[in-house]
Amino acid sequence: MSEQFHDDPLKVAEAWMGEGRPVAVATVVETWGSAPRPVGSHLVIDADSNFEGSVSGGCVEGAVIADALDVIETGEPKMLEFGVADETAWRVGLSCGGRIRVYVERIG
Amino acid sequence: MDPLSLKKLNAARAAREAIALVTDLGDGRDRVVKEGDPVAGELGDALARTFQTGKSGVVTVDGRDFFINVHLPPPRLVVIGAVHISQAMAPMAALAGYDMEIIDPRTAFATPERFEGVRLDDDWPEDVLKLRPLDPYCALCAVTHDPKIDDYPLKAALEAKCFYVGALGSRKTHGKRVERLLAEGVPQAAIDTIAAPIGLDIGASSPAEIAVAVLAQVIEAFRKREIVSGKAAA
């Protein structure tokens, strides 16, 4: 749908890459229960914390961006998991009660 | 992610090709697979299923986790007939995220003034569809009432396996249409998939209401298409 190509994270990532900016891609790979964004959703992040897209509709983006900066630096991919804030060790959580796994990797 | 994979993904999506990125979650390596590309073993089976359903997910093959992220082309909505229904439907389709275009060889109908901001071709469907062929990610609505204009694109849409094919007209009009399509050699099973009378039965009366009914039926066909294709595969 035309909407999907508007501010499309993967196109943004390619454009950033073309400008020589280091880029990380975060992808929702699994969801349990009610999750705000479907599996396959992307958030792309550059080394200056600029980002485009969404993996949770705002609940955990801050934490994902922080990890993405690490991933950009080390080049080592990370698997992040977020659930309801109280039930997990994570400082941030999903208020909707669902659980998501987010894979964060550097491009190149 | 391999930068080349990202470029391949974006190029395929721009060309309306179904494509998937397969990432080995163990070592982070990835590869791009197009619909129909041969991939052996269990991973190949999983890929085939994923292309059919459009649902991305993690699969475990030989103890290794792979994430398959599938990208299916965005649906195109082709309307035959620059009539009042299509006039009302164009802005609704745009809001719902469908790329709508209109084909009508009758130049008195197909004027840019009546269809601002919509792709409009005032040529015969035969000619337009040769240049921009239909595919399974297209919906076709024939709403001119004129067999000379509607019949060819209906046949083409059934052959291209469009996810939705609808035709305006009463049951009587459709009965005659079925006879013509059969005479043209279109299989009965294919003809049976045409939505006719067109649109969900919500008692629509005005052109705008009919447009709502048609668009809702198109959305239903798209969102539920994996169930249909699942049946076809069984």
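The values are calculated or read from the model by the stated rules, or taken from the named source; none is laboratory data. As the structure is a prediction and not an experimental result, all values here were calculated from the model. Here Cβ is always computed from backbone atoms with ideal geometry, including for glycine, and neighbour counts include all displayed protein chains. All accessible areas refer to the heavy atoms of the entire protein, side chains included, with ligands and DNA or RNA removed. Shrake-Rupley method; radii C 1.70, N 1.55, O 1.52, S 1.80 Å.
Just so you know, the Cα atoms of the stretch B:1-102 work out to an Rg and Dmax of 17.6, 58 Å. Normalised by 2.2 N^0.38 Å, where N is the number of residues, the alpha-carbon radius of gyration of the protein assembly as shown equals 1.13. Taking the DSSP bridge list for the protein assembly as shown and keeping only pairs wholly inside it, about 65 percent are antiparallel. Accessible surface for the protein assembly as shown, divided over its residues, is 48 Å² per residue with a 1.4 Å probe. On association of chains A and B, roughly 2100 Å² of accessible area becomes buried (total for both chains; probe 1.4 Å).
Counting only residues at least eight positions apart within a chain, or on another chain, the lysines with an alpha carbon under 25 Å from that of B:Lys34 are A:Lys11, B:Lys7, B:Lys8, B:Lys55, B:Lys130, B:Lys161, B:Lys224, B:Lys231. In debye to the nearest 20, how big a dipole does the protein assembly as shown give about its Cα centre with +1 on each Lys and Arg Cβ and -1 on each Asp and Glu Cβ? Here the size comes out at about 1020 debye. Between the listed residues A:Ala13, B:Thr193, A:Thr74, the Cα displaced farthest toward the positive end of the dipole of the protein assembly as shown, a dipole computed from Cβ unit charges relative to the Cα centre, is found at B:Thr193.
Over chain B, what relative contact order in percent results from Cα pairs under 8 Å that are six or more residues apart? Please report the intermediate quantities before stating the final value.
Values: 387 pairs, mean separation 35.6, N = 234.
Relative contact order here is 15 percent.
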